[in-house]
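For reference, the structure is listed below as structure tokens.
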Amino acid sequence: MSEAPDRPPNPLRRLRRRFRPRTRPRFEGLSFNRLIPNILTMLGLCAGLVAIRAAIEGRFALAAALIVAAAVIDGLDGRLARLLKATSRFGAEFDSLADFLSFGVAPAMVLYLWSMQTMGPLGFVPCLLFAVCSALRLARFNASLDIGPAPKPAYAYNFFTGVPAPAGAGCALFPLFGALAFSEWGWIGTGAAIRHPVLVGTVLVAVGVLMVSTLPTWSFKNFRIPRAAVLPVLLGAGLYVALLVAEPWAALAAGGLIYLGMLPFSLRSYISLKKEAESLMEPVPEPPAA
């Protein structure tokens, strides 16, 4: 039996093989966009750790700058997670742990090495109290995630319960910011007075109590500004940014004072909104029968 002759290759088959779409293997896992908020949280955690190392080496200006950078990162990661729809329970827990180190442990250690250690073992007590208050505040927040948020009136969603951890760290570092500013201006005596352990310890204890308190503080998430106040607010923000560029330590110290000065107004606003809501819920008396 004779063998069949070889057939010439079909050019159409070659073209189909050439332009056939290649199948790519699919990998299971999270997209990179969902990891970006956690990466930012990790950067904030690293900033807090490096701040402690800088304080041990005596570079307190760098330590303060790193804690401020961690606060900026903390303000971005949550908003970015909601924007990318990447919120998760892991991210919330990781953010709380990073906040405890960056805004609880790091400021306490920096201020202890900068000022409070001159008082001996007693000087560590305010630093310890501040870190414990930060942990208690974050534990209260994590507990609310487990049991679910308690029902609150609409006006209460514009307020935090107590001073948040990043703002608390900024207020606790006010003596360090002020001392750095006065040192740059050549006011060595004033800077040394602000560095006194009694003042630093008092600030640490007061801010720690504010963090675990039930004081309503503005969250600024749904904060509405009246039309008449828009231009003054923009001008004030521009002036503050200019001061932040020219004199960063003075601007940060002033920011802490401004925030503490806003707390009474925040409480007054909460009480006013509460009274207004309660007045709307009161039953309207019926007119007397004729």
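Where a number appears in this text, it was derived from the coordinates with a stated rule and is not lab data. Since this is a predicted model, take the numbers as computed values, not measurements. Neighbour counts run over all protein chains shown; Cβ positions are idealised from the backbone, glycine included.
Check S213: other-chain or 5+ apart residues with amide H under 5 Å from its amide H, H built from backbone geometry?
Under 5 Å from the amide H of S213: V163.
If R0 is 25 Å, what FRET efficiency do you get for L62 and F265 from their C-beta distance, rounded to 0.05?
Working: r = 34 Å, r/R0 = 1.36.
Plugging the Cβ-Cβ distance into 1/(1 + (r/R0)^6) gives 0.15.
Let me spell out the model: positive unit charges on the Cβ of Lys and Arg, negative unit charges on the Cβ of Asp and Glu, origin at the Cα centre of segment 33-274. What dipole size does that give, in debye rounded to 20?
760 debye
Within segment 242-262, which residues have the backbone N less than 20 Å from the label spot 7 Å out from S272 along Cα→beta-carbon, could you tell me?
Only 258-262 pass the distance filter.
Where does each of T217, T118 land when they are ranked from fewest to most other beta-carbon atoms within 10 angstrom?
Taking fewest neighbouring Cβ atoms as first place, the list is T118, T217.
Using the Karplus curve 6.51 cos²θ - 1.76 cosθ + 1.60 with θ = phi - 60°, work out ³J(HN,Hα) for each residue of segment 120-131 in order, rounded to whole Hz, and write x for Gly and Pro.
These are the phi-based 3J(HN,Hα) values: x, x, 5, x, 7, 4, x, 5, 5, 5, 4, 5 Hz.
If you take the C-alpha gyration tensor of segment 33-274, multiply each eigenvalue by 5 and take the square root, what semi-axes do you get, largest first, in whole Å?
Output for segment 33-274: semi-axes of 28, 22, 19 Å.
Output needed: percent of Cα pairs per 5 Å distance bin for segment 80-223, bins running from 0 to the one holding the longest distance.
2, 10, 16, 18, 18, 13, 10, 7, 5, 2, 0
Could you give the distance between the Cα centres of segment 59-73 and segment 83-146, to the whole Å?
Using only Cα atoms, the two centres lie 15 Å from each other.
May I ask you to sort L257, L45 by Cβ crowding, counting other Cβ atoms within 10 Å and putting the fewest first?
Going from sparsest to densest Cβ surroundings: L257, L45.
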